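The numbers here are math on the coordinates, done by the rules we state, and not lab data. The structure presented is a predicted model; accordingly, all values stated were derived computationally and were not measured. Every residue, glycine as well, gets a Cβ built from its backbone with ideal geometry; the counts of neighbours run over all protein chains shown.
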Amino acid sequence: LARGMQHTAVRQAHRKHEPTFHDKYGNLVLLGGAAVFTTVWGYVLTQLGMQWGLSPVGRVTPTEWRE
């Protein structure tokens, strides 16, 4: 059994390496995802009119209490 497994391991090690999907397109997919991520967050942070500054002091005005 051990000799058969060793023979299989040697045969796989000497086999010609066929490029997988990841070998062919891995970096392209990574760069595409990074571009989409950057574009979406760039839009969100610039176009949605967020108020920057974490402190609500001066922006929150108390409303009159209604009985």
Where labels lie 7 Å past Cα in the beta-carbon direction, separation of Leu30 and Trp65 in nm: 6.1
Using a 7 Å offset from the Cα along the Cα-to-Cβ direction at both Gln47 and His22, what is the distance between the two label points in nm, to one decimal? 3.5
